[in-house]
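The structure appears right after this line, and notes come after that.
The values are calculated or read from the model by the stated rules, or taken from the named source; none is laboratory data. Nothing here was measured: the structure is a model prediction, and the numbers come from that model. Note: ideal-geometry Cβ built from the backbone for every residue, glycine included; neighbour counts use all protein chains shown.
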Amino acid sequence: MSDSVKNNTFSDAVCIEAMRVFDSCSSQDCLEDLLVNVDADTQTLLNRSSHVKIPCAEVIDAAFTVDPVPFNKGFYSVDITYTFRLDMEITPCDEGAAEQAEGSARFNKKVILYGSEGNTKSFRSDENNEAVINGCSCCSTVPIASVSVVDPIVLGTKFICNPCQPIQTCGYDCNDGQGCQDEPVFDPTNRQVKVTLGLFSMIKLERPVPVLMPVYDYSIPLKECSSNTDSPCEVFEKISFPTDEFFPKGLETEDSDNDTNDQC
């Protein structure tokens, strides 16, 4: 650490451009009964299956739409469409080995956040900007929306219209001498899977703003570059033995550690 930082004295001030977060929110959503979309091959497997399990889910995309809220200056409606990839284990009706497949699901979330106002448009030499003529006399630029998410937790799976357990229906009394319909009634092409996911996310609205920052010193790395030519065994011998992995902490120890961290 340089002497200027230690003494809390700076020699100069510079203007930098940074993304300022004007508003943010955290969300804990239970996404119940999302329809799982599958391809034709996976649909064929579902039509002949007795059980479906989804052990893992992953967020693979988030699409944004940011629109100003009418009559509320500075506020914006943020629409986020999440796309999830789902790992599926499909068990056939003959109780054979489960087959692996993939599915997808989507969920739309809408929040309203404060993003301030701005009437300028920024263009950079290192960005591919396209001019858009929309006929408006004055158009303010919208803030930039971002979201941070962790992979969702699979809370439940539903198998709709199970072909291995069809429902028999009769239009009249089977004991009146006229007989009844013996064939099970179900549509073998309409096997659907629904999944319930738990999702944690943080949504932010940001704008680039000029900020005046104190400059203490140039950041000079103090660590020397290392060209390690040791053999794999020599590298392994330098690793400390993971004692904690063999002796898991008890509940009382974890509570004690949490109390210590809370005091920091």
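List of remarks:
- The single condition among (1) in contact with a Gly (Cβ under 9 Å, 6 or more places away or on another chain); (2) surrounded by 14 or more Cβ atoms within 10 Å (Cβ to Cβ) that Asp39 does not meet is (2).
- Residue tally, condition surrounded by 14 or more Cβ atoms within 10 Å (Cβ to Cβ) and at pLDDT below 85, over segment 194-218: 1
- Any hit, segment 49-64, residues being modelled with pLDDT of 90 or more, of a type in the set (D, E, K, R) and under 18 Å from Leu205 (Cβ atoms): no
- Just one of (1) aromatic (Phe, Trp, Tyr); (2) modelled with pLDDT under 85; (3) farther than 30 Å from Tyr218 by Cβ fails for Phe22. It is (2).
- Listed by first and then second residue, the pairs linking a residue in segment 212-230 that is farther than 20 Å from Glu17 by Cβ and charged (D, E, K, R) to a residue that is at pLDDT below 70 and in a loop (DSSP other than H, G, I, E, B), with Cβ atoms under 8 Å apart and 6 or more places separating them unless they lie on different chains, are Asp217/Ser2; Asp217/Ser11.
- Residue in segment 186-193 that is outside any strand (DSSP E or B), among the β-branched types (Val, Ile, Thr) and modelled with pLDDT of 70 or more present: no
- Subset of segment 42-97 [among the aromatic types (Phe, Trp, Tyr) and surrounded by fewer than 11 Cβ atoms within 10 Å (Cβ to Cβ)]: Phe71
- Being modelled with pLDDT of 70 or more and either in a strand (DSSP E or B) or of a type in the set (Phe, Trp, Tyr) (or both) is a condition met by at least one residue of segment 136-145.
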